Amino acid sequence: MMSRLMHVGTAGLCAAVSIQVCAQSVDSATDELEQVVVTGSRIQRADLEKTIPITVIDAAEMETRNAVLPAELLTSLPSVVNLPQNETRLGSSGARGDNANLNLRNLGATATLILQDGRRMAINPMTAGLSQAVNVNQLPTRGVDHIEVLRDGASSIYGSDAVGGVINYVLKRHMDGVEASVRYDAPQHGAGQMLQAGVAFGSTFAQGRGRLFGTLNGIDRNEVRLTDRGFSDSSLNVDRAPAGFNALAGPFDQRFTRGYYPTFRLGSTGTSGATWYLLPGATPALGTTNPTTAANRALYPDFMLDISPFGFASPRVRRGDVFVSAEYDLADSLTLFGDASYYTARSTMQRQPLAVNGPTTDQAMVMPVDSPFNPFGSRFYSPTGAANTDGTARRTGTPQAIALMQFMIAGLAPERVKTDSDALRLVAGLRGSIGDTSWKWEGSLFYNEVNGKDEASPDVRESLLAAAIAGTGGTYFNPFGYTFRVLNNAVVVDQPYTNPQSLVDSFSDTYRRTARSYLASADARANGRLVTLGPVEVQAAVGMEHRREDLRDLRPPFHGENPAGSGLPTTNNDFILHPARPDVRGDRNVTSAYAEVVVPLVTPERALPLVQSLELSASGRFEHYSDFGDTTKPKIGANWRPVSWLMLR
């Protein structure tokens, strides 16, 4: 069966073509099976959605949302507050690239547990500090049966990383045939075109005792530049703001104060004295008038730099993922199962060229007295006022070094950030039932590894730029973009100047960072009817888990911190803009055990006046962490439904 469907976005933002090819339709009996929700409780129940605050997104709702990436689908939920880190991030402290973290109920991404088929996922190793969280973009984009979102804390079931809630991606396991699709998106205003292609396949084997399912998906999306959209094509938007908000230097004036016209002070520290500026104009001039104030921005509009022409609003992304699962019934009550998945992505982001910001995050760059480009140096000042040997005039005065504080580095291209990511996930286990009882059990081994590589260029080595400004190699770097001369006993701008590209290349470098995290675990669990007390069936679940977590976040010497013996401060690094970061190495073992009991005292079949249903529950989880000790998380709950449309918890 082949069908071709043309979809046109109702907002006119994109057009998409979807081609589906099915070798054999999926058995219709599959659609009649009752869905069992497994998130928020270890006791498998078909009515769980009615007793705990859980949202189930089924295939029809996913089709309606028509999202490309997992993050785009989940952000439609009111309980998902924001994406604390996403693919537009530029700072090198956290994760860049094809990354998205979810924040449930505004308790933070680290308090939101992300599961795939009920199992944890390794964190993105490049997230910063205590904000380490799972990158949901590594989740499969095809073959998803449904998504379960628990809008409540579940630390007594899953651990402390589930305080904010749980999101569980449940993948398909059964399918007969092949489905293929191609989607192309072309935004109405251009740029950001996307091509997505995918295949899902499934089959049975060994006379129906075995089942195989797999997906393959790829996405290629072009970047969107800030200048591709009218609302972001300029950093100056005061003309779009209402009265009271349209002042220069206000919230609608986001131009960069560190542009191509340097800021400096006399002396070699940059910490005191008057601040000097190269003030733009028909003929630029040196002065102490601050051009960044609201009153002076109109007088010197070119001093501020519009950074929109340099940057991307969203990155160029290429990503792919593959998922394969298999099950085989060794006996009527014993099944062998296994999963394997792999995800890979490359993201390219761009922003304005790097600028010096001293003496705060960067050191002030000292231009010595003998630099021919220092307007207060020996080329333009002499204690006696004598001319230079070439006959050019000098002023009478003591030559001084200057400390360059803020300036964008002339001749440097916009910074491009390329981030490569990949993730491997393996699962193998057995599950079955115990005799003729209602008890079901499962045991498995699990491994999930996430890798990242981040490279940004052209970036700038701080010590090498300082050496170029000092003329250490025999050629002086000129940050002003102009030469100077003495005219009528004043130092004035003479001619535009371009630094040799070889000199710019001498201090340019690529900023690098590599990281890896993995999670390896073994678990065993069981659930079923514990006891029957008259009409009340008490359900229970127990389980144990042991997992090892490992994290490595590494930067080469000078990138993270300066090495000992380099002559540079070991508490700093040698790259402009990037903050110093020590290497991160850590691992731990976590052993846990949990138990859960549910007592349905009153069910809808045995309803009482003002008691449609009444259920008591208790759960607890004990965890031993090798790095800090033990913790126990108990929980006692009750669900009372006085009428069919009201439930109190």
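The values are calculated or read from the model by the stated rules, or taken from the named source; none is laboratory data. Here the structure is a predicted model, which is why all the values come from computation and not from measurement. Virtual Cβ from ideal backbone geometry, glycine too; neighbours counted across all protein chains shown. Ligands, DNA and RNA are excluded from the accessible area calculation, which covers all protein heavy atoms including side chains. Shrake-Rupley method; radii C 1.70, N 1.55, O 1.52, S 1.80 Å.
Amide H to amide H distances under 5 Å link residue 621 with 633, where only residues 5 or more positions off or on other chains count and H is placed in the peptide plane. Each part gets one Cα centre, and for the range 493-518 versus the range 347-380 those centres are 13 Å apart. For the range 604-634, chymotrypsin sites (Phe, Trp or Tyr not before Pro) meeting the loop criterion (DSSP other than H, G, I, E, B) and having at most 13 other Cβ atoms within 10 Å: 628.
For residue 575, the residues 5 or more places off, or on other chains, whose built amide H falls under 5 Å of its own are 462. Helices in the chain, meaning DSSP H runs of at least 4 residues, each add -39500 (n - 2.57). Divided by all residues, the mean residue ellipticity at 222 nm is -1000 deg cm²/dmol.
The 3J(HN,Hα) values that the Karplus relation (6.51, -1.76, 1.60; θ = phi - 60°) gives for the range 621-629 are, in residue order, 9, 10, 9, 10, 9, 5, 9, 9, x Hz. Gly and Pro appear as x.
Based on the reciprocal of the average 1/r between different C-alpha atoms, the Kirkwood radius for the range 546-649 equals 19.0 Å.
The spacing between the range 423-445 and the range 585-649, judged by their C-alpha centroids, is 22 Å. Sparsely packed loop sites in the range 161-211 (the trypsin sites (Lys or Arg not before Pro) outside DSSP H, G, I, E and B with at most 14 other Cβ atoms within 10 Å) comprise 209. For the range 59-74, 3J(HN,Hα) computed residue by residue from phi via the Karplus equation (6.51, -1.76, 1.60; θ = phi - 60°) reads 4, 5, 5, 5, 5, 5, 5, 6, 7, 8, 10, x, 4, 5, 6, 6 Hz, glycine and proline entered as x. Secondary structure note: in the chain, about 95% of the DSSP beta bridges are antiparallel.
Treating each Cα of the range 382-436 as one equal point scatterer and applying the Debye formula with no solvent, the log10 of I(q)/I(0) at q = 0.29 Å⁻¹ comes out as -1.15. Here the simple spin-label model places points 7 Å from the Cα toward Cβ, and for residue 398 and residue 649 these points are separated by 7.5 nm. Using the Karplus relation 6.51 cos²θ - 1.76 cosθ + 1.60 with θ = phi - 60°, the per-residue 3J(HN,Hα) values for the range 564-579 come to 4, x, 7, x, 10, x, 6, 8, 10, 10, 10, 10, 5, 6, 6, x Hz, with x marking Gly and Pro.
If I take all pairs of Cα atoms in the range 414-454, what percentage of them are more than 10 Å from each other?
The proportion of pairs with Cα distances above 10 Å equals 79 percent.
Per atom type, the chain shows carbon and sulfur on 56% of its accessible surface, probed at 1.4 Å.
Could you tell me the calculated FRET efficiency between residue 329 and residue 413, based on Cβ-Cβ distance and R0 = 60 angstrom, to the nearest 0.05? That pair, residue 329 with residue 413, gives E of 0.50.
The distance linking the range 285-329 with the range 387-408 is 36 Å (Cα centroid to Cα centroid, whole angstrom).
Each Cα pair under 8 Å and six or more residues apart adds its separation to the average, and for the chain the resulting relative contact order is 11 percent. At an R0 of 30 angstrom, the distance between the Cβ atoms of residue 532 and residue 204 translates into a FRET efficiency of 0.25.
Taking 24 Å as the straight-line reach from the Cα of residue 453, the lysines in range (excluding those fewer than 8 positions away in the same chain) are 418. For residue 295 and residue 240, the FRET efficiency from 1/(1 + (r/R0)^6), where r spans their Cβ atoms and R0 equals 30 Å, is about 0.90.
When Rg and Dmax are taken over the Cα atoms of the range 516-558, they come to 21.0, 72 Å. Near the amide H of residue 308, within less than 5 Å, lie the amide hydrogens of 235, all on another chain or at least 5 residues away, with H placed in the peptide plane.
The Rg/Rh ratio of the range 480-589, with Rg taken over Cα atoms and Rh as the Kirkwood radius over Cα pairs, comes to 1.49. A convex hull fitted around the alpha carbon atoms of the range 283-353 yields 173 Å³ per residue. For a test of the definition: using alpha carbon positions, the gyration tensor, and the 1.5 limit on a/c, classify the range 110-255 as rounded, prolate or oblate. Because a/c hits 1.5 or more and a/b fails to exceed b/c, the range 110-255 counts as oblate.
Compute and list, largest first, the equivalent-ellipsoid semi-axes of the chain from the alpha carbon gyration tensor, each √(5λ) rounded to a whole angstrom.
Three semi-axes, in Å: 61, 26, 24.
Summary value for the range 490-573: 26 percent relative contact order, contacts being C-alpha pairs under 8 angstrom separated by 6+ residues. For the range 405-546, take every pair of Cα atoms, bin their distances at 10 Å starting from 0, and report each bin as a whole percent. Taking all Cα pairs of the range 405-546, the binned fractions are 9, 20, 15, 11, 10, 9, 9, 8, 5, 2, 0 percent.
Looking at the range 347-442, the accessible area is 41 square angstrom per residue; that uses a 1.4 Å probe and ignores ligands, DNA and RNA. Relative contact order of the range 85-164: 30 percent, from C-alpha pairs under 8 Å at least 6 residues apart in sequence.
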